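Reviewing the structure listed below.
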Amino acid sequence: MIQRLEGLNQNALRELDAIKDTPTLEQWRIRYLGRKSELTGMLRGLADLPLEERKNAGAFANRIKAGLESAFEQKNGALKAESQSQVLRTGEAEAAHGDITLPGRPCPSGRLHPIMETYREICDIFVSLGFQIVESNDVELDYYNFEALNIPAEHPARDSMSTFWVDYENDRGERTMLLRTHTTCVSARVIHTMKPPIRVIAPGHVFRYEATDATHLPMFNQVDGLAVDKGITMADLKGVFYEFARRFYGPERRVRFRCDYFPFVEPGVEVAVECAVCHGGGCRLCGSSGWIEIAGAGMTHPKVLERGGIDPNEYTSFAFGIGVDRIPMLRYGIDDMRLFFGNDLRFLKQF
Ligand code: DAH
């Protein structure tokens, strides 16, 4: 009998160890500790044994019963604690993220700013015409922004480009650093560093110390262009601009070149396209002129090439500077430039 009890005890404990949920634990309890269990049967059968044996076996059987009961309680407690901590874990997740059964929140995808989109469109066209994109710093030396472009210190052209000076002085106590007023300074750097044949465009921010209103900001955007090669003429400049206008504005828009003055080109021109609304007749959009100015351009001044180390007797060059900001303004009918940089998503989301 002692042996049978021992075997039973061992089986019961081994099975109990493997139990992972309460229903199986309950089955185990019925099987080993229930009224119809083997152990209960054996305890009942004790009465038939001789006195001595009954005492020993009885004490042993009762100890085993007590051991199994306490093992059961322990397991029961452990399973309950585990299921509670699971509930707690889901509870924590809910507290942190809200109702975890709700569908996820949509994640809005960004898109390009209308100015950036215009940059890309312009650059794509010139790249396909063989131009290379060059970029430089917003902070520039006085030399490349003015001097190298034939605008010496006392030149009146500096008046139309009042700039932000950087609080820095060179060895001779001169202020020589500024925020660039045009990306033509990047073309100047190219003339000083690259060897012809050259075809580059320089997109970027430019800065002028000006009062802010609907059409003026202290920061705006330009794409400057430069081509240097043997035998380049004004016809090349016109050809490139006709092609640019045809692709950017459509084949039916006419392009106009008129004389203009910029110190770094000779001759200099202003490039305009026919107004999309009135087709040359004159309306509010184009200020009754019928034309919309899109760029300044011209044949690079021989002095500018010479200063950069390119022989103007061997090479000729054309240059142009396109204003970027007015393009989406005209395209979308935006009458206040400040909206572009106000960071108001209600405005930006429309494009
Ligand atoms: N840099 C001039 C400006 O900001 C625009 C310009 C005119 C650029 C003629 C050029 C050019 O490259 O050839 O007003």
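The values are calculated or read from the model by the stated rules, or taken from the named source; none is laboratory data. Predicted, not measured: the structure shown is a model, and the values here were computed from it. A quick note on method: Cβ atoms are made from the backbone with ideal geometry, for glycine too, and the neighbour counts reach across all protein chains shown. Side chains are part of the model used for accessible areas, which takes the heavy atoms of the whole protein and leaves out ligands, DNA and RNA. Shrake-Rupley method; radii C 1.70, N 1.55, O 1.52, S 1.80 Å.
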query = With each pseudo-label sitting 7 Å past Cα toward Cβ, what's the Gln132-Ser83 distance in nm, one decimal?
reply = 7.4
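Within the set of other residues whose C-beta is less than 14 Å from the C-beta of Arg208, count the net charge using Lys and Arg as +1 and Asp and Glu as -1. Could you put the intermediate results ahead of the total?
Details: positive: Arg158, Arg180; negative: Asp138, Glu140, Asp159, Glu210, Asp213, Asp325.
Its environment carries a net charge of -4.
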query = Can you pull the semi-axes for segment 1-147, root of five times each eigenvalue of the Cα gyration tensor, sorted largest first, whole Å?
reply = 85, 17, 14
Cα-based shape type of segment 101-253, given that a ≥ b ≥ c are square roots of the gyration tensor eigenvalues and the cut on a/c is 1.5 = oblate
query = Put a dot 7 Å past each Cα toward the Cβ at Asn76 and Ala95; how far apart are the dots in nm?
reply = 3.0
task = Count the lysine pairs in the chain whose Cα atoms sit under 19 Å apart, keeping only pairs 8 or more residues apart in sequence or on different chains.
result = 9
message = Give me a comma-separated list of calculated 3J(HN,Hα) values for segment 314-324, in order, Karplus coefficients 6.51, -1.76, 1.60 applied at θ = phi - 60°, integers in Hz, x for any Gly or Pro.
response = 9, 10, 10, 7, 10, 9, 8, x, 9, x, 7
task = Pairs of Cα atoms under 8 Å, at least six residues apart: use those to get the relative contact order of segment 64-215, whole percent.
result = 23
task = Loop only per DSSP, at most 10 neighbouring Cβ atoms within 10 Å: give me the chymotrypsin sites (Phe, Trp or Tyr not before Pro) in segment 76-166, ordered by residue number.
result = none
remark   = Per the 1/(1 + (r/R0)^6) rule, R0 = 22 Å and r from the Cβ atoms of Leu51 and Asn11, FRET efficiency to 0.05 is 0.15
ask   = Based on the Cβ-Cβ distance of Cys107 and Lys20, what FRET efficiency does E = 1/(1 + (r/R0)^6) give at R0 = 41 Å, to the nearest 0.05?
value = 0.55
ask   = Which ³J(HN,Hα) values, rounded to whole Hz and listed in residue order, are derived for segment 77-82 from phi using the Karplus coefficients 6.51, -1.76 and 1.60 in 6.51 cos²θ - 1.76 cosθ + 1.60 with θ = phi - 60°, glycine and proline given as x?
value = x, 5, 5, 5, 4, 5
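Taking all protein chains together and a probe of 1.4 Å, list Val127, Val265 from the most accessible to the least accessible.
So the residues, ranked largest to smallest area, are Val127, Val265.
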ask   = Rounded if a/c is under 1.5, else prolate if a/b beats b/c, else oblate: with a ≥ b ≥ c from the C-alpha gyration tensor eigenvalues square-rooted, which is segment 162-238?
value = oblate
Amide proton proximity set for Cys275, modelled H, under 5 Å, gap of 5+ = Gly280, Trp291, Ile292
request  = Before rounding to the nearest 500, sum -39500 (n - 2.57) across all DSSP H runs of length at least 4 in the chain and divide by the residue total; then give [θ] at 222 nm in deg cm²/dmol.
outcome  = -13000 deg cm²/dmol
note = Percent relative contact order for segment 2-95, counting Cα pairs under 8 Å at least six residues apart, stands at 34
Exposure of Ser136 as accessible area (Å², to 10), given a probe of 1.4 Å and all protein chains = 40
note = Scoring only Lys, Arg, Asp and Glu (+1, +1, -1, -1) among other residues with Cβ under 12 Å from the Cβ of Arg158 yields -3
ask   = With no solvent and one point on each alpha carbon, what is the Debye value of log10 I(q)/I(0) for the chain at q = 0.11, 0.12, 0.13 Å⁻¹?
value = -0.84, -0.94, -1.03
Relative contact order for segment 114-348, counting Cα pairs under 8 Å that sit 6 or more residues apart, in percent = 21
